[in-house]
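Reviewing the structure listed below.
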Amino acid sequence: MKKLFILCAVAFLSACSVFKVVPIDPKTGYYPAKTEAQVVLSKPTDLDKRKSLLLIADHDFVRGQISNMHYFDELMTLSELETKIVKAQLTDKIPSVNDKIGINNAAKYYKDFLWFRVEFKKEGYTNKSVKFILTDPQNMEDIFITETELDYQWKGVNDQYNWYPMFNAMLKYIRENSKSYK
């Protein structure tokens, strides 16, 4: 009986992954999620005009999942953007990209792009939810927000219940706002 319990526990715990980069399932066209994320905001936007560059969080998982969407031409972190700005000799116009004004200036003077970021909502010392936010840095308006609750007790915080559902919501947003995306 003890061996059966251990076997079931191992199977249960290994069923969900955390920060595992996976391809989109060719049958469904989505990542392997166990639920859907809540879409908080979805403004119609011609994404095809803005797909040349996406500014992303400096995280291999985020880069891998967005790269696997095969939509944006280039993905770049803040650090990579700073290097490009220096090489383009634009530091007089864009002295920093560490705040919204700097990111706005980068979009004006370096290259037009969209800004993808991850935000956590806290209650006390605990993160209660996580959001993916897609922002137009030209005017700092959010154009897409999706969110999942972080359930540490029952479902766990993992790819299938949190991250993949939000990436799937982003995929759906891209499909709805792009004429070129499959």
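Charged neighbours of T135, selected by a Cβ distance under 14 Å, balance to -1 (K, R count +1; D, E count -1). Once the other residues with Cβ under 12 Å from the Cβ of T77 are scored (Lys, Arg +1; Asp, Glu -1), what is the net sum? Summing Lys and Arg as +1 and Asp and Glu as -1 gives -2.
Give me the percent of DSSP beta bridges within the stretch 2-177 that run antiparallel, rounded to the nearest 5. Approximately 85 percent, going by the DSSP bridge assignments.
Within the chain, all pairs of alpha-carbon atoms sorted by distance into 10 Å bins from zero give the percentages 9, 33, 32, 17, 6, 2, 1, 0. Relative to the longest principal axis of the Cα atoms of the chain, the long axis of helix 2-13 makes an angle of roughly 20 degrees. For the stretch 67-182, a crude dipole built from +1 on the beta carbon of Lys and Arg and -1 on the beta carbon of Asp and Glu, taken about the Cα centre, is about 160 debye to the nearest 20. The calculated 222 nm mean residue ellipticity attributable to helices in the chain amounts to -9000 deg cm²/dmol, summing -39500 (n - 2.57) over DSSP H runs of n ≥ 4 and dividing by all residues. The angle between the Cα long axis of helix 78-87 and the main principal axis of the chain comes to about 20°, on a 0 to 90 degree scale. Against the chain, whose longest principal axis comes from its Cα atoms, helix 100-109 is set at around 60 degrees.
Taken together, the values in this text are just the output of simple stated rules run on the coordinates, not laboratory data. These numbers were taken from a predicted model, which means no experiment stands behind them. Note that each Cβ is placed from the backbone with ideal geometry, even for glycine, and that neighbours are counted across all protein chains shown.
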